Structure formats: C-alpha cells, structure tokens
1. Restricting to the stretch 5-40, name every residue that is touching a residue at least 40 places away in the same chain (Cβ under 8 Å), under 30 Å from F170 (Cβ atoms) and either within 13 Å of the chain's Cα centre (by Cα) or assigned to a helix (DSSP H, G or I) (or both).
2. Determine if the stretch 104-115 includes at least one residue that is part of a helix (DSSP H, G or I) and not basic (K, R).
3. Let me spell it out: the conditions are (1) in a helix (DSSP H, G or I); (2) touching a residue at least 24 places away in the same chain (Cβ under 8 Å); (3) among the small types (G, A, S), and A64 meets all of them except one. Which number is the exception?
4. Go through (1) assigned to a helix (DSSP H, G or I); (2) farther than 25 Å from G152 by Cα; (3) in contact with a strand residue (DSSP E or B) (Cβ under 6 Å, 6 or more places away or on another chain) for S45 and report which single condition fails.
5. Tell me, which helices (runs of 4 or more DSSP H) lie completely within the stretch 123-194 with 2 or more residues that are touching a helix residue (DSSP H, G or I) at 6+ places or on another chain (Cβ under 7 Å) and under 21 Å from V80 (Cβ atoms)?
6. Mind listing whichever residues of the stretch 13-42 are farther than 12 Å from V81 by Cα, at pLDDT 95 or above and not hydroxyl-bearing (S, T, Y)?
7. Quick one: which of S50, S45, S91, S70 is surrounded by 14 or more Cβ atoms within 10 Å (Cβ to Cβ), at pLDDT 95 or above, touching a Lys or Arg at 6+ places or on another chain (Cβ under 6 Å) and not hydrophobic (A, V, I, L, M, F, W, C)?
8. Taking the stretch 103-136 on its own, how many of its residues are buried (at least 17 other Cβ atoms within 10 Å of the Cβ) and of a type in the set (G, A, S)?
Amino acid sequence: MHAAAERHGRMDVLVNNLGVTRPRSSFLDVDDAEWQRVFDLTFFSAVRTSRAALPHLLADNGGAIVNISSVNARLPFPMVVDYSAAKAALSNLTKALSEEFAPQGVRVNAIAPGPVRTPFWTAPGGFADVAAAGTGKSAKETLDEVVPQQMGISTGRITEPQEVAELSAFLASPRAANITGAEFVIDGGQIKTT
C-alpha cells in the first residue's frame with residue numbers, strides 16, 4: 001500500500017475483492033485447516049489490506065473502501081459454509097470500519113453479489129460443473145437456466161461482472177459521498193427479505 005501511495009502521490013480507494021471456497025457436501029467435510037485457509041483469504045486479506053490502506057486514506061483527507069461480500073453472508077448454504085461465515089465477518093467488518101472512520105472522511109461500504117459469471121462458476125470443475133452433475137445439461141445450460149431457477153433469482157439470470165464493477169466504481173466515487181456503512185445486494189432478487 002505504501003509503495004502504491006508513494007507512486008501515485010495519494011490513495012483514494014481500496015476495493016477488497018477476494019473470496020475462495022470449493023463446494024462440499026456437508027459441514028463435516030470442512031476441517032480446521034480449510035476453515036483457516038478460507039478465512040485467511042476471504043476475510044483476513046481484507047483486514048490486512050484495510051489496515052495498510054487506512055493511514056494513507058486518512059492522510060489524504062478521506063476516500064473509500066469497498067468490500068465485496070456475498071449474499072452467502074445472509075443465506076444458509078451448507079456447500080460453502082466456511083465461505084459464507086467469512087463473508088458474514090466481512091460484512092460486519094464493513095459496518096465497524098464505517099462507524100470508526102466515516103467521521104474522519106473514509107467511507108466504507110460493501111457489495112453482496114449473488115452468483116456472478118466468473119471463473120468461480122465457469123472454470124472447469126467450478127460450481128457450474130458441480131451443479132450440472134446429474135442434470136443432463138451442460139455447465140453453461142445449468143448456469144443460464146437451472147441455477148437461476150433453483151436459487152430463486154427473480155430476473156432469471158446470474159449477475160455479470162460488469163454490474164458489480166460499475167457499482168464498485170460508483171461507491172468509490174464522490175457521487176456516493178454520503179453513503180457509508182451500507183451493503184448493496186446485487187443478486188437479481190435472490191434474497192427475498194431484508
């Protein structure tokens with residue numbers, strides 16, 4: 001962070017966008033080492049980068065942190081229980097950092113996407129392949145048809161990466177100057193209640 005701030009003369013924005021998991025059949029399939037790995041990459045990476053960026057953001061009279069959480073922070077989904085718990089922790093961290101640093105000019109918000117068409121879903125062995133097993137459909141057909149239906153996505157499709165990127169850019173911009181401590185769900189209507 002220090003090198004980036006020095007190179008560019010200031011720091012205005014930090015986007016924490018990392019998550020890792022793999023599908024499982026049960027909570028009992030996740031050992032302590034896997035819990036630690038998922039929390040290290042999905043939650044503690046955001047803790048560490050935020051801690052490193054905040055002195056620069058504060059020194060430059062404010063800025064924004066955007067954390068990419070997940071609808072899984074709110075939804076019980078046993079196949080990714082460790083990931084869901086780590087994203088719930090990230091959503092809570094967002095609120096705590098906003099409460100502490102918004103008075104000093106640093107806005108902190110989160111985006112909670114539902115399924116997004118990324119390699120997490122589309123790569124060989126990814127979630128689309130897992131979901132397609134036993135359906136008689138290809139991974140693409142499963143992602144385009146079965147997943148939205150099974151997950152109750154009202155728009156009938158999963159989110160595109162550009163949609164998350166555009167919301168991130170807005171939250172990082174001065175146009176969102178009075179938005180902090182918020183979590184924006186972008187899931188096509190998957191979560192039916194608040």
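1. A5, V15, N16, N17, L18, G19, V20, T21, V38, F39
2. As a first pass, look at the stretch 104-115 and keep what is part of a helix (DSSP H, G or I): 104.
From what's left, not basic (K, R): 104.
The answer is yes; a qualifying residue exists.
3. Here A64 clears every test but (1).
4. All conditions are met except number (3).
5. On the way: elements: 127-132, 147-150, 161-172.
Here the list reads 127-132.
6. V13, L14, V15, N16, N17, D32, A33, Q36, R37, D40, L41 - these are the residues of the stretch 13-42 that are farther than 12 Å from V81 by Cα, at pLDDT 95 or above and not hydroxyl-bearing (S, T, Y).
7. Numbers: S50 fails: touching a Lys or Arg at 6+ places or on another chain (Cβ under 6 Å); S45 fails: touching a Lys or Arg at 6+ places or on another chain (Cβ under 6 Å); S91 fails: touching a Lys or Arg at 6+ places or on another chain (Cβ under 6 Å).
S70 is the lone residue from the list that is surrounded by 14 or more Cβ atoms within 10 Å (Cβ to Cβ), at pLDDT 95 or above, touching a Lys or Arg at 6+ places or on another chain (Cβ under 6 Å) and not hydrophobic (A, V, I, L, M, F, W, C).
8. Total meeting the criteria: 7.
The values are calculated or read from the model by the stated rules, or taken from the named source; none is laboratory data. What you are looking at is a predicted structure, and each value in this text was computed from that prediction instead of being measured. Every residue, glycine among them, receives a Cβ derived from its backbone with ideal geometry; neighbour counts consider all protein chains shown.
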